[in-house]
Amino acid sequence: MFRVKPIIVLALMSLLGMGQLCHAQVDIPEGISDLDVSDLRQAVIAFVNIATAPGVEGSALTVDKTNRQSDLWRSSLGFSAEFRIKPNIYNGYWGLSLIGGGLDDRFVLVDDFGDEVDVQVKRNIAALRGNFGLSFPIDQHFKVRPFASLIVSHIETESTAQGALFLNSEQFEEAFFRANTVDSVTGVASVDLLYSEWGERLGVDLMGRYNIMYTDTFSEENAALDTWDWSHSMLVKGTLSGPTEWHFRNQKWYWNTYYSYNAYLDQKKSALGFNDLHEIGVGLDWDMHIKPLDWFGWRYIGVKAGYSFSDDVSGFNIGVTAR
């Protein structure tokens, strides 16, 4: 049997408690005149962060509310690994990912004369993310991993509306209701707390991650989308694993079940309809254990299926995993 250190659990639970603060954010305004250019800018940056931040995995999400229905998807293909730095006790850490995502957001607002306006926002993103950092072992089970990420993204966004448009801000109308392309650069400073321990038949892995992100967006077509902002996010994840009786090429298959929680701590709920996300799921991994050149590799490759949920949002995650 194994016993997880109480200090590790307390640290991860503290991060989880911080995430509950995001529920205090207000929902989408009912009146279109309540919106301004800053809301548009925050929505674009929120989309970039949710699609590309470290720790984000593939998923398809749906927001279903009385005045808002939207579909969001995101996916990534890449790898990350530790490598030895001789003769030091710490390791290096690096990773590279290709990321794609899309949003189809539909909501109803009220104009200055009380008439309904049906708004549809479509966004697509393609991004490249690189990570580099260090991994410090505290003992045989616990390690701390600070690392930095650079994310370069290209976004295409288009907004349309059906209904009369009577807005107090002509600047907002011009900025919002048109097609635009936006490029963005995001710098991220992250720290991971990692705990892993195996008993006779079961293994437990715990991870807490905190991200500080700076996102700068550029648009030659629309000056309103030349903006920047700081933001913070966190991820808490726990995985329980065990061996099966199945083998392939003399290597075992392992089952796992997991729970994760993503929180975008200072993101307004009105930006995308949600600002945190729970996920539970199961998986099956093959212990391939390859690491060519000691620079990259995978211990496990497998499949997983997960269900995501939070206030007014739900979704699923089915795909191939490598870790």
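The values are calculated or read from the model by the stated rules, or taken from the named source; none is laboratory data. Values in this document were obtained by computation on a predicted structure and should not be read as measured data. Positions of Cβ are generated from backbone atoms using ideal geometry, with glycine treated the same way; all protein chains shown enter the neighbour counts.
Do you know which of the residues in the range 117-144 that are buried (at least 18 other Cβ atoms within 10 Å of the Cβ) and of a type in the set (K, R) is farthest from S190 (Cα to Cα)? The extreme case among them is R123. Check whether at least one residue in the range 269-285 is surrounded by fewer than 20 Cβ atoms within 10 Å (Cβ to Cβ), hydroxyl-bearing (S, T, Y) and modelled with pLDDT under 95, and report yes or no. Taking every residue of the range 269-285 in turn, none turns out to be surrounded by fewer than 20 Cβ atoms within 10 Å (Cβ to Cβ), hydroxyl-bearing (S, T, Y) and modelled with pLDDT under 95. Filtered by the rule that a residue be surrounded by fewer than 21 Cβ atoms within 10 Å (Cβ to Cβ) and either under 9 Å from the mean Cα position of the chain (by Cα) or free of Cβ contacts under 8 Å to residues at least 24 places away in the same chain (or both), the range 36-54 gives a lone residue, S38. Which pairs have Cβ atoms under 8 Å, sit 6 or more apart or on different chains, and link a residue in the range 59-71 that is of a type in the set (K, R) and at pLDDT below 95 to one that is crowded, with 19+ Cβ neighbours inside 10 Å and outside any strand (DSSP E or B)? Listed by first residue and then by second, the contacts come to K65/G273; R68/I28; R68/G273.
Would you pick out the residues in the range 200-233 that are of a type in the set (D, E, K, R) and in a strand (DSSP E or B)?
Across the range 200-233, the qualifying residues are D205, R209, D216, D229.
Check whether at least one residue in the range 96-111 is farther than 28 Å from S310 by Cβ, in contact with a strand residue (DSSP E or B) (Cβ under 9 Å, 6 or more places away or on another chain) and outside any strand (DSSP E or B), and report yes or no. Yes, because at least one residue in the range 96-111 is farther than 28 Å from S310 by Cβ, in contact with a strand residue (DSSP E or B) (Cβ under 9 Å, 6 or more places away or on another chain) and outside any strand (DSSP E or B). Restricting attention to the range 229-258, which residues are within 30 Å of Q42 (Cα to Cα) and among the hydroxyl-bearing types (S, T, Y)? Within the range 229-258, S231, S233 meet the criteria. As a summary of the residue check, V56 satisfies the conditions (1) more than 22 Å from V320 (Cβ to Cβ); (2) at pLDDT below 90; (3) in a loop (DSSP other than H, G, I, E, B) except for the one numbered (1). Screening the range 55-111 for residues that are among the basic types (K, R) and farther than 20 Å from S184 by Cα and picking the one that is surrounded by the fewest Cβ atoms within 10 Å (Cβ to Cβ) gives K86. Conditions: (1) in a loop (DSSP other than H, G, I, E, B); (2) modelled with pLDDT of 85 or more; (3) exposed (fewer than 15 other Cβ atoms within 10 Å of the Cβ). G114 meets all but one. Number of the miss? All conditions pass for G114, except number (2). L206 falls short of the stated requirement of being exposed (fewer than 15 other Cβ atoms within 10 Å of the Cβ), hydrophobic (A, V, I, L, M, F, W, C), in contact with a Gly (Cβ under 6 Å, 6 or more places away or on another chain) and closer than 27 Å to P137 by Cα.
Restricting attention to the range 83-95, and to residues there that are part of a strand (DSSP E or B) and at pLDDT 85 or above, which single residue is farthest from the chain's Cα centre (by Cα)? Outline the logic, then answer.
Of the residues in the range 83-95, the ones part of a strand (DSSP E or B) are 83-84, 91-95.
Next, from what is left, pick out any that are at pLDDT 85 or above: 91-95.
On the way: N91: 25, G92: 23, Y93: 20, W94: 18, G95: 16 Å.
Here the answer is N91.
Quick check on E221: is it touching a His at 6+ places or on another chain (Cβ under 8 Å) and in contact (Cβ under 8 Å) with a residue 40 or more places away in the chain? So E221 does not fit the description; no. Scanning the range 175-221 for residues that are touching a Phe, Trp or Tyr at 6+ places or on another chain (Cβ under 6 Å) and closer than 23 Å to N262 by Cβ returns G187, S190, V191, Y195, L206, Y214, D216. Anything in the range 121-161 that is farther than 30 Å from N91 by Cα and under 23 Å from the mean Cα position of the chain (by Cα)? List them, or say none. Hits for the range 121-161 are V121, K122, R123, N124, I125, A126, H154, I155, E156, T157, E158.
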